[in-house]
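Presented below is the structure to which this report refers.
The values are calculated or read from the model by the stated rules, or taken from the named source; none is laboratory data. As the structure is a computational prediction, the values presented were derived from the model and not from experiment. Positions of Cβ are generated from backbone atoms using ideal geometry, with glycine treated the same way; all protein chains shown enter the neighbour counts.
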Amino acid sequence: MNLVDIPQNPAPPLAEVGRFVARDGVGSRYALFAATGRPLKGTIVLLTGRNEFIEKYFETIGNLTAQGFAVAALDWRGQGGSDRMLKDRQRGYVKRFDQYVDDLEQFMTDVVLPDCRGPFYVLAHSMGGLVSLLAAPRLFNRVRRMVLCAPLLELVGQPVSTDMLRRATGLACWLGLGTRYISNGPRPPGGPPFAGNKLTSDLVRYARNQAIIDAAPQLALGGPTVAWIHAACVARDKVLDQDFLGRIHIPTLIVAAGADEVVSTPAIETLARRMRAASLVTVDGAQHEILQEADIFREQFLSALHAFVPGEGSELYA
């Protein structure tokens with residue numbers, strides 16, 4: 001499908017939209033955005049969170065392209081403009097996070113490496129951050145640096161521990177309940193109200209994101225299923241294994257949101273201490289979606305990103 005362009009959220013210029021099909025037949029939408037600023041600094045691979053889509057990041061893409069970066073963005077399988085895994089399009093579902101990793105690797109091999117200018121960097125949010133960590137050993141010779149925004153490691157406010165949640169959801173999947181919602185349900189008409197939301201304190205950006213879905217309801221996703229939560233728990237356990245962390249050699253900047261009520265900031269800070277190649281920045285007062293936050297928080301993130309990427313000694317092109 002094409003990009004959704006609305007007055008509140010105009011598409012960046014020089015966009016190319018495409019679709020690739022994974023080995024299991026699932027099609028994924030992607031978009032490439034050429035740099036508008038100079039000098040040219042390479043390409044940032046933008047990886048979104050759960051229940052997100054390329055259009056939500058038009059503002060950020062515009063910021064990056066103006067700085068001389070091309071951007072390659074991907075809609076994960078099961079959400080956005082990519083193929084859904086269940087007949088009910090609202091159910092957030094995946095069997096294993098390794099499927100996301102496989103899709104990312106195919107995206108890099110079939111689209112990014114042949115069609116985009118290097119060097120290559122990753123900018124990933126939430127679920128995209130967890131997928132990036134899973135994929136990091138495979139990406140070592142392809143990606144120069146990664147920036148992870150509020151990566152998903154542990155959910156906040158769960159009635160049980162993550163270990164207990166993994167066992168319970170695993171049992172539910174074994175009983176054939178994997179496609180059921182674990183929390184919430186379909187997206188309510190008009191979307192959830194701004195008051196009490198746990199994503200951003202910025203009313204204008206929140207309303208803009210809701211307007212995108214109002215204009216293109218096919219992009220919307222409801223709550224996660226039992227299987228999705230189980231897959232996330234399994235992926236988290238794999239990433240936190242010390243032997244696995246020892247295989248991540250890509251220099252990584254991890255940015256945590258100080259007022260995050262979606263994912264655990266202490267868990268993110270612990271991960272950063274355990275990773276040899278990682279550094280940590282915490283944006284005090286920011287809610288989970290830092291790139292959708294008020295300027296006072298968002299600009300801190302962008303400043304940290306541009307201080308880290310492309311990095312010293314990187315070649316630039318006129």
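Computed quantities for the displayed model
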item: Residue that is nearest to ARG180 (Cα to Cα) [pool: residues in region 198-228 that are in a loop (DSSP other than H, G, I, E, B) and within 17 Å of the chain's Cα centre (by Cα)]; result: GLY223
item: Criterion: under 17 Å from ALA73 (Cβ atoms) and buried (at least 22 other Cβ atoms within 10 Å of the Cβ) - qualifying residue of ASP115, ASP110, ASP103; result: ASP103
item: Residue within region 244-265 that is over 22 Å from VAL122 (Cα atoms) and in a helix (DSSP H, G or I) present; result: no
item: One residue from GLN287, GLN300 being more than 24 Å from THR162 (Cα to Cα), at pLDDT 95 or above and surrounded by 18 or more Cβ atoms within 10 Å (Cβ to Cβ); result: GLN300
item: Test set (1) touching a residue at least 60 places away in the same chain (Cβ under 8 Å); (2) within 15 Å of the chain's Cα centre (by Cα); (3) under 18 Å from CYS233 (Cβ atoms) - TYR100 fails condition number; result: (1)
item: Close pairs from region 54-79: first at positive phi, partner among the small types (Gly, Ala, Ser) and in a strand (DSSP E or B), Cβ under 8 Å, at least 6 apart; result: GLY78/GLY92
item: Residue match in region 171-190 (condition: at negative phi and within 15 Å of the chain's Cα centre (by Cα)); result: no
item: Given (1) under 17 Å from LEU153 (Cβ atoms); (2) surrounded by fewer than 23 Cβ atoms within 10 Å (Cβ to Cβ); (3) over 16 Å from the mean Cα position of the chain (by Cα), number of the condition VAL262 does not satisfy; result: (3)
